[in-house]
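A.B. asks: Take this structure first; my questions come after.
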Amino acid sequence: MKSKNVPGMSVNIGGIELKNPIMTASGTFGYGEEYSPYIDINRLGAFIVKGLSRGPRSGNPPPRIIETAAGMLNAVGLQNIGVDAFIQEKLPYFNRFDVAVIANIFGETIDEYINVAEKLGDVPGIAGLEINISCPNVKKGGIAFGDDPDTAYEVTRQVKSVTDLPVIVKLTPNVTDITRVARVVEEAGADALSLINTLKGMAVNVATKKPYLKNITGGLSGPAIKPVALRMVWEVTREVSIPVIGVGGIMNAHDALEFLIVGAMAIQIGTANFINPRATMDVLEGIQSYMVGNDIADIHDLIGTLTVD
Amino acid sequence: MTGNIKKSRKSIITARVVDHHEVVKNHFLMTLKVPIDFQTAVPGQFVMIRVKGRDEPFLHRPFSINFLTSHGTETLIGILYKVIGKGTTIFSRLKKDEELYVMGPLGSGFTVPSDRKKVALVAGGMGIAPLSFLAEYLKRQTSFSEQGIEEVVCYLGASTSQLLLDRERLENTCSKLMISTDDGSDGYHGTVTELFQNHVDAYADSDSIVFCCGPDPMMAGIADIVKKYFIPCQVSMEERMACGVGACLGCVVRAKSHGDQQHYMTVCKDGPVFDIRDIIWRQE
């Protein structure tokens with residue numbers, strides 16, 4: 001299908017073939033139906049489903065969100081319908097689309113991760129798994145799996161051992177050295193990495209002296225975190241040989257190009273969807289026109305081309 | 001890829017401010033020129049707005065539609081709002097001919113069953129914003145149909161007489177307008193919940209329906225009354241929102257509609273209009 005004027009956009013993320021490097025970030029695109037009136041889902045490289053757990057989770061009490069400078073805090077609390085309901089009620093919706101569906105999964109114990117991964121491995125229509133390791137580990141006093149390299153290693157290794165699907169591990173930025181977690185997760189067998197998840201933050205209403213979020217703290221997303229995400233992607237791509245997916249505050253094609261140039265093999269659009277439901281398409285078209293304008297025939301000729309004097 | 005499909009797709013539209021004025025201190029009415037598609041908007045639906053060419057506010061802000069008019073190809077909607085925070089402060093400075101991004105109409109509106117004869121609108125403060133549109137909509141409906149609604153009474157409450165918003169419009173659209181003020185400066189001296197309680201006997205028959213919007217404690221009070229008298233009631237809810245389409249799950253309220261299991265429903269997609277009985281009003 002490639003013509004002379006259309007740049008090559010396809011990438012391979014740890015075994016998942018994508019027609020282009022544009023993905024929707026987990027938790028920002030619902031189960032697909034919410035944004036299908038606004039964009040042609042077929043044009044996405046991949047669709048990452050909202051995080052799925054073994055059973056349904058009702059999430060945190062409201063208020064769950066608050067706008068902050070150049071971004072927002074959220075404490076949705078991983079509300080989801082559970083993996084079984086997803087397979088029965090939501091997954092069939094995607095059959096009509098030609099898009100890679102990647103299921104984001106999480107658990108409070110390693111057994112839960114394994115259980116969800118096994119269930120998704122048995123159904124057609126899932127191209128890969130993205131493991132959210134920012135979830136609190138109940139057996140370790142609520143410390144997130146991703147905060148501790150040993151647990152991050154263990155959850156990755158065990159999920160890999162029960163599934164044939166490519167496994168992407170989504171890393172948390174709330175660590176001292178993200179490259180250390182990235183290296184151990186690669187050793188554990190991860191096929192790709194997504195980074196970054198939200199940065200932990202909070203906001204206070206000075207009139208009431210109460211936190212704006214009922215959960216007190218939440219995850220910061222949006223343009224405010226983009227420089228941090230970009231720096232981490234740059235650091236990690238130099239340390240690992242598996243593909244890295246850049247995510248964090250990408251609002252437009254310019255932002256996405258920065259991530260590709262520092263070495264991201266693909267990018268995820270998250271909070272930008274809320275501001276512009278067509279953000280994924282605008283980013284895709286913007287990257288294509290940049291490539292045409294700069295005589296770049298294939299996306300691989302752009303990825304990792306950062307020049308440092 | 002197919003270029004034509006895009007035409008039928010929803011998109012964020014650019015709307016121009018055609019009028020914007022302060023109705024009373026800190027309360028503004030902004031009129032926007034919108035595409036003709038908005039003619040299908042129903043009372044209770046809302047729009048998400050952002051200022052074109054500005055990074056702040058970052059997220060769209062949700063506002064219920066306060067009125068909708070259509071003359072020929074020109075469709076206008078009204079946004080009635082109070083200046084509370086950063087977003088509304090920025091909006092309040094917008095001048096005629098400035099442009100906004102608008103998503104909508106969004107969410108579910110009020111539904112009026114065809115067998116209802118008596119309608120009560122119960123509004124507290126800014127809660128009148130979607131109910132004024134409903135009053136106009138009902139007046140249009142009833143004049144077109146022979147049977148149906150016999151009376152629409154509006155119970156309008158505010159802290160003080162100055163803040164009884166949309167009063168003149170309601171006098172024209174409703175059969176009767178009942179007033180309450182917390183400070184006694186006009187009408188019944190007390191809350192609109194008490195005022196409605198004083199007249200609730202009129203709605204105890206099976207042909208009544210109540211539509212309600214206002215601060216949470218006021219809606220909780222109305223919930224108690226309508227449950228006691230078995231009067232159907234729809235309520236319009238508000239929460240902070242990010243996406244407006246049901247994707248982010250930021251704007252939830254506690255609900256109880258599926259059996260007795262408590263769960264969260266999104267104001268943007270499951271609402272903003274709910275059956276008042278489905279909402280959990282107090283911490284249990």
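Every read-out reported here was derived from the displayed coordinates using simple, explicitly stated rules and does not represent laboratory data. Just so you know, these numbers come straight off a predicted model, no measurement behind them. Heads up, the Cβs are rebuilt from the backbone with ideal geometry, glycines too, and the neighbour counts pull from every protein chain shown.
A.B. asks: Among A:Gly248, A:Gly107, A:Gly32, determine the one that fluctuates most according to a GNM of chain A built with springs between C-alpha atoms less than 10 Å apart.
C.D. replies: Comparing A:Gly248, A:Gly107, A:Gly32 in the GNM, the peak value goes to A:Gly32.
A.B. asks: Right, next: Quick one: Debye curve from the alpha-carbon atoms of the range A:1-147 only, equal weights, vacuum; give me log10 I(q)/I(0) at q = 0.15 Å⁻¹ to two decimals.
C.D. replies: -0.85
A.B. asks: Would you mind checking which residues have amide H under 5 Å from B:Leu121's amide H? H placed 1.01 Å from N; only 5 or more apart, or other chain.
C.D. replies: For B:Leu121, whose amide H was placed from the backbone, the distant partners under 5 Å are B:Val153, B:Cys154, B:Tyr155, B:Phe211.
A.B. asks: For the protein assembly as shown, what proportion of DSSP beta bridges, expressed in % and rounded to the nearest 5, is antiparallel? Each step should come with its number before you reach the end.
C.D. replies: Working: 60 of 113 bridges.
Approximately 55 percent, going by the DSSP bridge assignments.
A.B. asks: So, how do all the Cα-to-Cα distances of chain B break down into 5 Å bins, in percent, from 0 on up?
C.D. replies: For chain B, the binned pair fractions read 1, 5, 12, 16, 19, 17, 14, 9, 5, 2, 1, 0, 0 percent.
A.B. asks: For peptide A:274-280, how many partner chain Cβ atoms fall within 10 Å of a residue's Cβ, on average? Kindly include the intermediate steps, with their values, before the conclusion.
C.D. replies: On the way: counts 12, 10, 6, 9, 5, 0, 0.
What the average comes to for A:274-280 is 6.
A.B. asks: Counting each DSSP H run of 4 or more residues in chain A as -39500 (n - 2.57), what helix-only mean residue ellipticity at 222 nm follows after dividing by all residues, to the nearest 500 deg cm²/dmol? If you can, show how the numbers build up before the last one.
C.D. replies: Numbers: 8 runs with 81 residues, N = 309.
Mean residue ellipticity, 222 nm, calculated: -7500 deg cm²/dmol.
A.B. asks: From Cα pairs below 8 angstrom and at least 6 apart in sequence, can you work out the relative contact order of the range A:14-130, rounded to a whole percent?
C.D. replies: 28 percent
A.B. asks: Let me ask something additional. Please say if the range A:148-264 is rounded, prolate or oblate, where rounded means a/c under 1.5 for a ≥ b ≥ c the square roots of the C-alpha gyration tensor eigenvalues, and otherwise the choice is prolate for a/b larger than b/c and oblate otherwise?
C.D. replies: Values: a/c = 2.44, a/b = 1.46, b/c = 1.68.
Oblate.
A.B. asks: Further question: What are the principal axis extents of the Cα atoms in the range B:72-118, in Å, biggest first?
C.D. replies: 45, 33, 19
A.B. asks: What's the longest piece of chain B with no exposed chymotrypsin sites (Phe, Trp or Tyr not before Pro), counting a site as exposed if DSSP puts it in a loop and it has at most 16 other beta carbons within 10 Å?
C.D. replies: Details: sites that count: B:Tyr229, B:Phe230.
Counting at most 16 other Cβ atoms within 10 Å as exposed, the longest clean stretch of chain B is B:1-228.
A.B. asks: Using Cβ contacts closer than 10 Å as the measure, can you line up A:Ile269, B:Ile84, B:Ile90 from fewest to most?
C.D. replies: Ranked by crowding around the Cβ, least crowded first: B:Ile84, B:Ile90, A:Ile269.
A.B. asks: Also, I was wondering about something else. Only four residue types carry charge here, +1 at the Cβ of Lys and Arg and -1 at the Cβ of Asp and Glu. Report the dipole size of chain A about the Cα centre in Debye, rounded to the nearest 20.
C.D. replies: On the way: 26 positive and 33 negative charges, 181 e Å.
So the magnitude is around 880 debye.
A.B. asks: Once phi is turned into θ = phi - 60°, what whole-Hz ³J(HN,Hα) does the Karplus curve with 6.51, -1.76 and 1.60 give for every residue of the range A:51-65, x standing for Gly and Pro?
C.D. replies: Each residue of the range A:51-65 in turn: x, 10, 10, 4, x, x, 10, 7, x, 7, x, x, x, 9, 9 Hz.
A.B. asks: While we're here: Suppose every K and R has +1 on its Cβ and every D and E has -1 on its Cβ; what is the size of the dipole of the range B:118-238 about the Cα centre, in Debye to the nearest 20?
C.D. replies: Details: 8 positive and 17 negative charges, 37 e Å.
With Lys and Arg at +1 and Asp and Glu at -1, about 180 debye.
A.B. asks: Now, a different point. Please name which of B:Val83, B:Tyr229, B:Ser208 has its Cα lying farthest along the dipole of chain B towards the positive end, using unit charges on Cβ (Lys, Arg +1; Asp, Glu -1) and the Cα centre as origin.
C.D. replies: Most positive-ward Cα: B:Val83.
A.B. asks: Can you list the residues, at least 5 places off or on another chain, whose amide H is less than 5 Å from the amide H of B:Val23, using H built in the peptide plane?
C.D. replies: Close amide H contacts, sequence-distant or interchain: B:Phe28, B:Leu29.
A.B. asks: Rank A:Arg57, A:Arg278, A:Arg96 by mean-square fluctuation in a GNM of chain A with C-alpha springs under 10 angstrom and give only the top-ranked residue.
C.D. replies: Looking only at A:Arg57, A:Arg278, A:Arg96, the largest GNM fluctuation is found for A:Arg96.
A.B. asks: By the gyration tensor of its Cα atoms, with a ≥ b ≥ c the square roots of the eigenvalues, what is the shape of chain A: rounded for a/c under 1.5, prolate for a/b over b/c, or oblate? Walk me through the numbers before you get to the answer.
C.D. replies: Values: a/c = 1.34, a/b = 1.22, b/c = 1.10.
Rounded, because the longest to shortest axis ratio a/c is under 1.5.
A.B. asks: How big, on average over all directions, is the shadow cast by the Cα convex hull of the protein assembly as shown, in nm²?
C.D. replies: Working: hull surface 116.4 nm².
Taking the Cα atoms of the protein assembly as shown, their convex hull projects to 29.1 nm² on average.
A.B. asks: Is there a quick way to get the dipole size of chain B? I mean about its Cα centre, with the Cβ of Lys and Arg at +1 and of Asp and Glu at -1; what is the value in debye to the nearest 20? Walk me through the numbers before you get to the answer.
C.D. replies: Values: 32 positive and 33 negative charges, 241 e Å.
The dipole magnitude comes to about 1160 debye.
A.B. asks: Karplus couplings for the range B:18-29 from phi (6.51 cos²θ - 1.76 cosθ + 1.60, θ = phi - 60°), rounded to Hz, Gly and Pro as x?
C.D. replies: 9, 7, 7, 8, 7, 6, 8, 2, 6, 10, 10, 10
A.B. asks: Here's a follow-up. Could you work out Rg/(2.2 N^0.38 Å) for the range B:118-238, with Rg from alpha carbons only?
C.D. replies: Working: Rg = 13.3 Å, N = 121, 2.2 N^0.38 = 13.6 Å.
Computed over Cα atoms of the range B:118-238, the ratio equals 0.98.
A.B. asks: Once amide H atoms are built 1.01 Å from N in the peptide plane, which residues 5 or more positions from A:Tyr31, or in another chain, come under 5 Å H to H?
C.D. replies: HN-HN under 5 Å from A:Tyr31: empty list.
A.B. asks: Still on this structure, please answer the following. In nanometres, what is the gap between the two model label sites at A:Val206 and A:Asn95, each 7 Å from Cα along Cα-to-Cβ?
C.D. replies: Roughly 5.7 nm, to one decimal.
A.B. asks: Considering chain A as a Gaussian network with a 10 Å cut-off on Cα pairs, which listed residue, A:Ile22, A:Ile196, A:Ile296, attains the greatest mean-square fluctuation?
C.D. replies: Residue with maximal mean-square fluctuation among A:Ile22, A:Ile196, A:Ile296: A:Ile296.
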